[in-house]
1. Calculate one ³J(HN,Hα) per residue across the stretch 91-99 by plugging θ = phi - 60° into the Karplus curve 6.51 cos²θ - 1.76 cosθ + 1.60, and present them in order as whole Hz with x for glycine and proline.
2. Please give the peptides 20-30, 77-87 ranked by average Cβ packing (other Cβ atoms within 10 Å per residue), highest first, as a rough proxy for protection.
3. Which cross-chain or sequence-distant (5 or more) residues have an amide H under 5 Å from the amide H of LEU47, H modelled 1.01 Å from N in plane?
Amino acid sequence: MTDADEKTGTRTGGEGDGSRRLRIGTAVISLLGLTFGATLAVSGSALRWRSDSALGLFNQSGWHYDNLVAGDGKITLALGVLMALGLLVGAVLLNRWFYAVALASAALLLAVSIFEVVTLVTRPGLTGPGHGVYMVLGGGVAGVLCSLGGYLMTSERDVAPRPVPA
């Protein structure tokens, strides 16, 4: 803080410090979102979604499992890639609208994966959900949390500086 800042009780001299903190914060949260959100969602899209624990005759990957459309894993793959792009570009440009795109795609990814898990759990028979759909579910949760954090961090820089208590 400068002498003028101490007299007025506001913090205006640390613009570079706040920008550096914002860069570090968005880089960290985007890296976490890419690691735990997008990577889980993209890799879980191709793994086993329907699992047969008895004989393994009815196992299906996300590419071939058809509940919503033929190959629901392709939907979650596209949403995971869109979430990754939103997190990456949002961190580079410090733009909250790219984080909003990442948040929307992660929320849609989470909704699709919850629907798939509920559908697979409630089906009668030997089959149940495989580990791939659980990975997509975890990636959706991590993606929502990280993209929401990035959105809130980048939108907070537009707020006026607050007075510092004496």
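1. Couplings: 6, 6, 8, 6, 10, 6, 6, 6, 5 Hz.
2. Highest-to-lowest ranking by the protection proxy: 77-87, 20-30.
3. GLY62
Values quoted throughout were computed directly from the atomic coordinates according to the rules given, and no laboratory measurement underlies them. Bear in mind the structure is a predicted one, so any value in this text is a computation, not a measurement. Here Cβ is always computed from backbone atoms with ideal geometry, including for glycine, and neighbour counts include all displayed protein chains.
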